[in-house]
Amino acid sequence: RFNNLHNIIDDMVEIIQNIKFDKIACIETNGIIFAAPISDRLSKSLITIRKKDKINHTNKISCDFINWKNEKEVLELDLTILKKNEKYLVVDDLAQTLNSFKTAEQLLNQSGNTIVSYLCFANISKIYSINDIPIHSLIKY
């Protein structure tokens with residue numbers, strides 16, 4: 001079934017069909033591969049949580065985290081594109097350490113928004129929620 005992106009997106013959309021959310025946030029860069037077609041299919045706005053220094057103005061918030069390679073990284077959120085009190089689905093390609101999902105939660109919460117669910121292609125963390133927010137995936141290890 002995972003022989004093309006169209007089928008993968010169909011399956012990911014099916015997983016989240018009963019989740020109520022306003023917008024989709026994805027984590028740069030690989031999250032865009034899945035989030036963009038899901039956003040298009042569901043007619044939901046998409047924002048990108050960016051890597052350090054990709055937002056070239058000061059109206060942003062940032063948060064450090066340790067990536068899957070055990071290296072320090074920074075994610076940033078552009079505050080000029082956000083409203084408050086919106087519910088987000090956060091999309092990434094892979095859930096391994098969950099640190100990028102946790103960082104996305106910190107950034108969206110700081111901006112006055114909430115995450116209602118996480119979605120990824122593969123979850124190899126063997127953890128299926130963060131702070132009672134479910135992590136949905138097509139593949140679970």
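The values are calculated or read from the model by the stated rules, or taken from the named source; none is laboratory data. In this text the structure is predicted, and so the values were computed from the model without any measurement. All Cβ positions, even for glycine, are placed from backbone atoms using ideal geometry, and neighbour counts span all protein chains on display. When the accessible area is computed, the model is the full protein with side chains, heavy atoms only, and any ligands, DNA or RNA have been set aside. Shrake-Rupley method; radii C 1.70, N 1.55, O 1.52, S 1.80 Å.
Between the helical axis of 99-110 and the dominant principal axis of the chain, each derived from Cα atoms, what acute angle in degrees is found, rounded to the nearest 10?
50
Can you return the lysines within cross-link range of Lys23? Criterion is Cα-Cα under 20 Å, with same-chain partners fewer than 8 residues away left out.
Leaving aside lysines fewer than 8 places away in the same chain, those within reach of Lys23 are Lys44, Lys51, Lys60, Lys83, Lys84, Lys87, Lys102.
Using only the alpha-carbon atoms, how far is helix 31-42 inclined from the longest principal axis of the chain? Give it as 0 to 90 degrees, nearest 10.
70
How high is the relative contact order of the chain? Use alpha-carbon pairs under 8 Å, at least six apart in sequence, and give a whole percent.
23
Based on DSSP, what percent of beta bridges with both residues in the stretch 22-77 are antiparallel, to the nearest 5?
Here the share of antiparallel DSSP bridges comes out near 60 percent.
Which order do you get for Thr48, Thr29 if you rank them by accessible area with a 1.4 Å probe, largest at the top?
From most accessible down to least: Thr29, Thr48.
With each pseudo-label sitting 7 Å past Cα toward Cβ, what's the Asn67-Val116 distance in nm, one decimal?
Roughly 3.1 nm, to one decimal.
Under the classification rounded if a/c is under 1.5, otherwise prolate if a/b is larger than b/c and oblate if not, where does the stretch 32-103 fall, given a ≥ b ≥ c as square roots of the Cα gyration tensor eigenvalues?
In terms of gyration-tensor shape, oblate.
Report, to the nearest whole %, how much of the accessible area of the chain belongs to carbon and sulfur atoms, 1.4 Å probe, protein only.
Its accessible area is 46 percent carbon and sulfur atoms.
When DSSP beta bridges are limited to those with both residues in the stretch 14-141, what percentage is antiparallel, rounded to the nearest 5?
35
What number comes out for accessible area per residue over the stretch 43-97 if the probe is 1.4 Å? Units Å², please.
In whole numbers, the stretch 43-97 has 62 Å² accessible per residue.
Heavy atoms of the protein only, probe of 1.4 Å, neighbouring chains included. What is the accessible area of Asp64 in Å², nearest 10?
Its accessible surface works out to 90 Å², give or take rounding.
Tell me the angle of helix 5-15 to the major Cα principal axis of the chain, expressed in degrees between 0 and 90 and rounded to the nearest ten.
80
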